[in-house]
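Some notes on the structure that comes next.
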Amino acid sequence: MKEKNTVGVIDFGGQYSHLIARRCRELKVHSEVVPSYTPIERVEELGPKGIILSGGPASVYQKSSPKCDPKILELGVPILGICYGAQLIAMLKKGTVKRIKRREYGKTKLFVDDREDLLRGLPDATQVWMSHGDRIESVPGSKTIAHTPNSPIAAFRVGNAYGIQFHTEVAHTAKGKEILSNFLYGICNCKPTWTPKSFVKRIIPEIKNEVGEGRVICALSGGIDSSVTARLVQRAVGNRLTCIFVNHGFMRKGEPQRVVQTFKSNFKMNLVPIDARQRFLEKLKGVRDSEEKRKIIGEEFIRVFEEQAERLKKIDFLAQGTIYPDRIESAAVGAGASRIKSHHNVGGLPERMRLGLVEPIKELYKDEVREVAREVGLPEEIISQHPFPGPGLATRIIGEVTDEKLRICRDASAIVEEELRKASLYEKVWQAFAVVGDDLATGVMGDARKEGHLVTVRIVESVDAMTADFSRLPWNLLEEISKRITNEVEGVTWVSYTVSSKPPSTIEPC
Ligand code: XMP
């Protein structure tokens, strides 16, 4: 069942294409990003009520610049071109676009000339954000609806197409939300139907339909994506869903118990917890190289999962928590097939076991997954927990993974999290944990000098994990964390704090 209120975002390689789509969704209108070369038939299949042409780094008059099928302008639905998209509309309407001497970049004052539709409700002058080196000089048959000192045609209307030279989607454009909302509701006649409630209502019959009388298996890690997936599939097919929870031994403190409690006891899910701790640890004996460790953990995970899947005999589908950004390799979006989420570590399994894929949250951005999580009743501690890598604490243990280092890493990390929560800072930071390697340092306990482990605390701030900054925490909080770790975690004598950001460092040490 297709979402009826959809807007297509045609991506010309701009850094903000997904931000545009997210802004539409924040206004409760479903939107989907497709690359510029998407065939017109596929765009039509979306059944869009409007189309937004994104920005992009190229110049429209260059031969090699990305173009969309010009028939998009003839689909009969309203079009909004943003920056490059506006210039493209101008070109397709036989107008002129020229390079300007000085790029217009940053905050600019926009003067509104026409408030009939797109700019309805805007003041005479408002701040917008510009980033362009080309200027629209003319668009035959158009009406200019706003200008800036540098762009006489900063916004125009031509038939049912609108072009704006500035970016509505960024926070620096003061009335960006109002403009987008005018386009979506006033011009495209969209309805605010994209809500977590309506998503759940739509997706459950869809899963039912897809699975029929089949049986589904799901690798449940306790992370938000697999948890939401499992809940949705459970709501659709009940106990024809079996979840496998592989405890590889690298979970956070209390996590395995929490997963079993939440899903088996509270949600009455068909959950098979597998204690594979010894098995993983044995495989990692003597292995120091981080890539090698990750590879071993990934392979062992598949083996354990596969054994369990085979034991269950008749299984038809694998449910997995692929989300929208996982599918964004631009070309892959919309092609229907998404790659297996790497950290689920079950790549290859669907083909080998001839399983169909059920991916109920593949249309969602991460913040939408969180909202749906609330809608399906997941506890707040799962919803607001920090991201946690598939190989778990093993990525935070430098050198060989041993029982002793795991204990230290787990207990020290729990203290870090606890102290951050106490200081109401847990949700302000991206990730926070302890790292342990083989370095020993001398400490004094009472009168005795004693060697113990050096534990490094890593706390970072980030928006998407692509870059990260170490968190500038108050000294007294760091002091408390350090004191508690050396007092409460047996075998630790020193605590240090990382002041490395990403790049050049990564977030996880291994
Ligand atoms: P790095 O260490 O590369 O991490 O800066 C970036 C983000 O990715 C997470 N991460 C992983 N997540 N499986 C995952 O699901 C993995 O193997 C993995 N390795 C790193 C990391 O925690 C950080 O948020």
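The values are calculated or read from the model by the stated rules, or taken from the named source; none is laboratory data. Please read these numbers as outputs of a predicted model, since none were measured by experiment. Here the Cβ is made from the backbone with ideal geometry for all residues, glycine too, and neighbour counts use every protein chain on show.
Here are the numbers for the structure shown:
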{"quantity": "Breaking point among (1) crowded, with 20+ Cβ neighbours inside 10 Å; (2) under 30 Å from Pro389 (Cα atoms); (3) of a type outside the set (Val, Ile, Thr), for Pro196", "calculated": "(1)"}
{"quantity": "Flag for Leu454 being part of a strand (DSSP E or B) and touching a His at 6+ places or on another chain (Cβ under 7 Å)", "calculated": "no"}
{"quantity": "Some residue of the stretch 121-136 being among the aliphatic types (A, V, I, L, M), outside any loop (DSSP other than H, G, I, E, B) and either outside the structural domain of Pro35 (by TED's automatic domain parsing) or touching a His at 6+ places or on another chain (Cβ under 8 Å) (or both)", "calculated": "yes"}
{"quantity": "Flag for Val444 being of a type in the set (Val, Ile, Thr) and surrounded by 14 or more Cβ atoms within 10 Å (Cβ to Cβ)", "calculated": "no"}
{"quantity": "Residue among Ile100, Ile89 that is at pLDDT below 95 and either closer than 17 Å to Glu137 by Cβ or of a type in the set (S, T, N, Q) (or both)", "calculated": "Ile100"}
{"quantity": "Long-range neighbours under 6 Å by Cβ, at least six apart or interchain, first residue of a type in the set (D, E, K, R) within the stretch 420-447, second assigned to a strand (DSSP E or B)", "calculated": "Asp439/Leu454"}
{"quantity": "Those helices (runs of 4 or more DSSP H) lying entirely in the stretch 356-429 with at least 2 residues within 16 Å of the ligand (Cβ to nearest atom)", "calculated": "366-375, 403-422"}
{"quantity": "Test: Ser462 is within 14 Å of the ligand (Cβ to nearest atom), at pLDDT below 95 and within 26 Å of the chain's Cα centre (by Cα)", "calculated": "yes"}
{"quantity": "Qualifying residue in the stretch 202-215 (condition: closer than 21 Å to His18 by Cβ, in contact with a Lys or Arg (Cβ under 6 Å, 6 or more places away or on another chain) and outside any helix (DSSP H, G or I))", "calculated": "no"}
{"quantity": "Search result, residues across the stretch 136-150 that are out of contact with any Leu (no Cβ under 9 Å at 6 or more places or on another chain), at pLDDT 95 or above and not aliphatic (A, V, I, L, M)", "calculated": "Glu137, Ser138, Pro140, Gly141, Ser142, Lys143, Thr144"}
{"quantity": "Residue list for the stretch 167-182, restricted to those being within 26 Å of the chain's Cα centre (by Cα) and assigned to a helix (DSSP H, G or I)", "calculated": "Gly176, Lys177, Glu178, Ile179, Leu180, Ser181"}
{"quantity": "So Val499, is it within 12 Å of the ligand (Cβ to nearest atom) and part of a loop (DSSP other than H, G, I, E, B)", "calculated": "no"}
{"quantity": "Check on Arg472, within 28 Å of the chain's Cα centre (by Cα), more than 16 Å from the ligand (Cβ to nearest atom) and surrounded by fewer than 12 Cβ atoms within 10 Å (Cβ to Cβ)", "calculated": "yes"}
{"quantity": "Verdict on Arg352 being closer than 19 Å to Ala219 by Cα and exposed (fewer than 15 other Cβ atoms within 10 Å of the Cβ)", "calculated": "yes"}
{"quantity": "Test result for Glu307, in a helix (DSSP H, G or I) and either without any contact (Cβ under 8 Å) to a residue 40 or more places away in the chain or closer than 15 Å to Leu406 by Cβ (or both)", "calculated": "yes"}
{"quantity": "Which numbered condition Ile207 fails, given (1) in contact with a strand residue (DSSP E or B) (Cβ under 9 Å, 6 or more places away or on another chain); (2) of a type in the set (A, V, I, L, M, F, W, C); (3) under 22 Å from Pro387 (Cβ atoms)", "calculated": "(3)"}
